[in-house]
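Participant: The structure that follows is given in the form of structure tokens.
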Amino acid sequence: YISGELLALQLSRLSCIMVVHNEFTTAGKEPGLKIWRIEHMDLKPVPKNLYGNFYTGDAYLLLYTTSLPSYNIHMWLGEECSQDESGACAILCTQLDNYLGGYPVQYREVQCNESLTFQGYFKSGIKYQKGGIASGFRHVVTNDANVKYVLHVKGRRTIRATEVEFSWASFNQGDCFIIDLGKDIYQWHGKQCNMFEKTQALNMSRKIRDGERNGRATVHVVEEGEEPQALIDALGPKTAISPPIPDSDTVETANKNKAALYMISDASGSMKTACVAQSNPFKQEMLIPEECFILDNGVDNNVFVWKGPKANEAERKAAMTAAQEFIKEKNYSNKTQIQVLPAGGETTLFKQFFKNWMDKDQTKGPTKPFTIGRIAHVQQIPFDASTLHSNHAMAAQHKLVDDGSGKIQIWRVEEGARVLVEPASYGQFYGGDCYIILYTYKQGSRKQHIIYTWQGLKCTQDELAASAFLTVQLDDSMGGEPVQVRVTQGQEPPHLMSLFKKKPMIVHLGGTSRTGGQTKAGSTRLYHIRSSTTHATRAVEVTPSACSLNSNDVFVLKTPNSLFVWRGIGASEEEVATSKHVVTFLGGNPVDVVEGKEPATFWTALGGKKEYQSSKSLQKMIKAPRLFGCSNKTGRLVVEEVPGDFGQVDLATDDVMLLDVGDQIFLWVGSQANEVEKTGAPKIAKEYVDTDPSGRSGIPITTIKQGAEPPIFTGWFHAWDVCMWEKSPLENI
């Protein structure tokens, strides 16, 4: 650690308390993510189109605000950033925390070692580019064709794309590489690269095309040995490609559970620590409200500072400083992650080290309760989840640029042209159609535009091609200013879901809304209603069968002679309200049905009563479910958590996945998983339960094969699609 940075942090304790940066006046006022780069010791906002792009020579400050509100502050340091920039970032981080009342959870992030909370903001990947502000590199949204660089793409759960030398010497047979030439973006696959990695890399290529080129570039997929001449001309004559590069070793599993607890004191004028407990699990009552504590899990690159609500003000404000000094004293890696936690805002990663941690309320500060979203009715807080036992409940890449109150226009793609959709049917999307949605909103005094291109899963190839062409055409007519976002049915971002005012987004299984082209709907239709982590709701048509039901949600069932609104035990009022819009669309006089009191006609309409997701854990759980992938694609069997809100698309068919729902563990075996993964995953699941630092034990483990998933498993995923794997994920994209 550099003494200058620590000096700056110490000075911040005295100088920053009353300082309010101009950028902070709007901070925390709206939900979503804000990112600033440190430029000449000052804050400069990063354009939203370029969120997820980081220069390795710079430092960044990130603020994530929920709708409640609650806050996460992240201080991100590139591996080549200067002492001055890292020090300035630390001061500004403390100022922002003070401005928000000391309520935020603070994270210190280091390039390539970010927390899963941080990774969850960037579901389409994190991009590291060489240089920084000192080298004259600025974040500018550009359509400039004079771009020329190579990105090395790695990661199965979190995509990281790092700029490397523009040469064939940078390539290897085991990974994907993106060659960005401005108007053309080439995605190159090594011969030993697997399908899931190719799919993840394609998400990054599309992000560059849509975010940095505003949709004005073409993505080309290239397999090793099939390189086009244009790529040879750019990189020069092709040389021998290196063999795959193995990943670096991970921390021993046992280290994930080793921790010690220290009390902090500055009574003598300098920070002192006294050991309270040398090993976990700890007792919650050890955390005295009048003191601050350090939980040391440094052997697994994690250090936490807990701020007691009645602790000395100087100790509370110097929490980040204390953690960094502690890391230095212990001689831990400079890549150690730091979390600074206010009382009541403890993350799951922190709470796992305590025996039977009890939450009366999740709180913002000592008195104000808050909870964030839910997955299968689980109230959750979007904080870090960087070990097996950590909770995945973190903020996804919400990109909520506003509250959805701007102007909206929608066209349907029809015979190669844009046809206006009647405003009365806004919010309804048919699987056999493609739609172009233009959203206009104000940012300050300036108008901003987003073009969403929604592509149904049952639309034709001609419509898919036409939707892309018409989007660029619309973008051209507006001077290339709009941001373009391409959306596949079932993967709608929360902001798109929020555009229809008080109406929900309704997604029909197939068919079309075009005049005279409608296919006859099935005689029995079932709609699954669930609210998202941003409280936007979506009604998705699913297979009309009892096994599609879920105790946590609301369903609307339409038959030729009846209309039912079925409310699961764990359903929310938001979901009940949404059902009224679906009823209005379907027509008829609804019969309200409460789970457990269904009439016989209800079950008859669904083809008979069948097992469905009705686990009691849906109502009683505090912890959110979490999903992990077990893979030996790197040559050894490793386990990684899926960051962000997970979905069916995150189940890698060439892996074994582990789903932890609190009172049960599921092992999902992909159809392409190899024997090492199949035999090794059950051992990992047992070790996962046996080594839970909170003392959890005796949890049943259920093994499930792809294509034979029971409702008790599929119920944890919204609108499970039994046809999803008829094509490979790469073909679907």
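Participant: Obtain the nm distance between the two label points defined at LYS705 and LYS502 by a simple spin-label model: each point lies 7 Å from its Cα along the Cα-to-C-beta direction.
Facilitator: 5.1 nm
Participant: Of the peptides 652-661, 99-108, 469-478, how do they stack up when ordered by the mean number of other Cβ atoms within 10 Å, highest first?
Facilitator: Going from most to least packed, we get 652-661, 99-108, 469-478.
Participant: Any idea how far apart ALA600 and GLU481 come out in nm if each label point goes 7 Å out from Cα toward Cβ?
Facilitator: Distance between the two pseudo-spin positions: 6.5 nm.
Participant: For a quick protection proxy, order the peptides 155-162, 299-306 by their average other-Cβ count within 10 Å, most packed first.
Facilitator: 299-306, 155-162
Participant: Here's a follow-up. Which whole-Hz ³J(HN,Hα) couplings does region 412-419 yield from phi under the Karplus relation 6.51 cos²θ - 1.76 cosθ + 1.60, θ = phi - 60°, glycine and proline marked x?
Facilitator: Whole-Hz 3J(HN,Hα) from phi for region 412-419: 9, 7, 9, 6, x, 10, 8, 10.
Participant: Which entries of LYS154/LYS207; LYS123/LYS317; LYS29/LYS502 have Cα-Cα distances beyond 23 Å here?
Facilitator: Checking Cα-Cα distances, LYS123/LYS317 exceed 23 Å.
Participant: Return the FRET efficiency for the residue pair GLU574, GLN491: r is the Cβ-Cβ distance, R0 is 30 Å, and the value is rounded to the nearest 0.05.
Facilitator: E(calc), rounded to 0.05, equals 0.90.
Participant: Cβ neighbours within 10 Å, averaged per peptide: list 340-349, 309-318, 221-230 in order, most packed at the top.
Facilitator: The most tightly packed comes first, giving 340-349, 309-318, 221-230.
Participant: Continuing with this model, one more query. For region 85-138, what D do you get in µm² per second when you plug the Kirkwood radius from alpha-carbon pairs into Stokes-Einstein at 4 °C and 1.567 mPa s?
Facilitator: D = 96 µm²/s.
Participant: In terms of modelled amide H atoms, which long-range or inter-chain residues lie less than 5 Å from the amide H of TYR149?
Facilitator: ASP180
Participant: Which aspartates and glutamates have a Cα less than 15 Å from the Cα of LYS609, not counting those fewer than 8 places away in the same chain?
Facilitator: GLU595, GLU598
Participant: Let me ask you something else. Got a number for carbon plus sulfur as a percent of region 113-241's accessible area, 1.4 Å probe?
Facilitator: On region 113-241, the fraction of accessible area on carbon and sulfur atoms equals 48 percent.
Participant: Then there's this: Normalised by the residues of region 88-228, what does the relative contact order come to in percent, with Cα pairs under 8 Å and at least six apart?
Facilitator: The normalised contact order for region 88-228 reaches 20 percent.
Participant: Could you tell me the distance between the Cα centroids of region 156-213 and region 472-502, to the nearest Å?
Facilitator: Computed from Cα coordinates, the inter-centre distance equals 24 Å.
Participant: Something else now. So, in nm, how far is label GLU80 from label LYS148 when the simple model puts each one 7 Å beyond its Cα toward the Cβ?
Facilitator: 1.8 nm
Participant: Non-local amide H neighbours of LYS705 (under 5 Å, H modeled in plane, Pro and chain starts lacking H): which ones?
Facilitator: Excluding prolines and chain starts, which carry no amide H, the hits are VAL669.
Participant: Structure shown: which of LYS258/LYS355; LYS501/LYS727; LYS191/LYS705 lie over 23 Å apart, alpha-carbon to alpha-carbon?
Facilitator: From the list (LYS258/LYS355; LYS501/LYS727; LYS191/LYS705), the Cα-Cα distance tops 23 Å for LYS501/LYS727; LYS191/LYS705.
Participant: For LYS272 and LYS29 in one chain, what is 0.36 nm times their gap in residues minus the Cα-Cα distance, to one decimal in nm?
Facilitator: 83.8 nm
Participant: Shifting gears a bit: Report ³J(HN,Hα) in whole Hz for each residue of region 559-575, in order, from the Karplus equation J = 6.51 cos²θ - 1.76 cosθ + 1.60 where θ = phi - 60°; Gly and Pro get x.
Facilitator: In residue order, the calculated couplings are 10, x, 10, 8, 9, 10, 10, 9, 10, x, 4, x, 5, 9, 5, 4, 5 Hz.
Participant: What's the extension gain from GLN443 to GLU422 if we count 0.36 nm per residue and subtract their Cα-Cα distance?
Facilitator: Here the segment from GLN443 to GLU422 would lengthen by 4.8 nm.
Participant: On a full-extension model of 0.36 nm per residue, what is the gain between THR584 and ASP233, subtracting their alpha-carbon distance, rounded to one decimal in nm?
Facilitator: 120.4 nm
The values are calculated or read from the model by the stated rules, or taken from the named source; none is laboratory data. Keep in mind it's a predicted model, so treat the numbers as computed, not measured. Cβ: placed from backbone, ideal geometry, glycine included. Neighbour counts: every protein chain shown. SASA here: full protein model, heavy atoms, side chains in, ligands and nucleic acids out. Shrake-Rupley method; radii C 1.70, N 1.55, O 1.52, S 1.80 Å.
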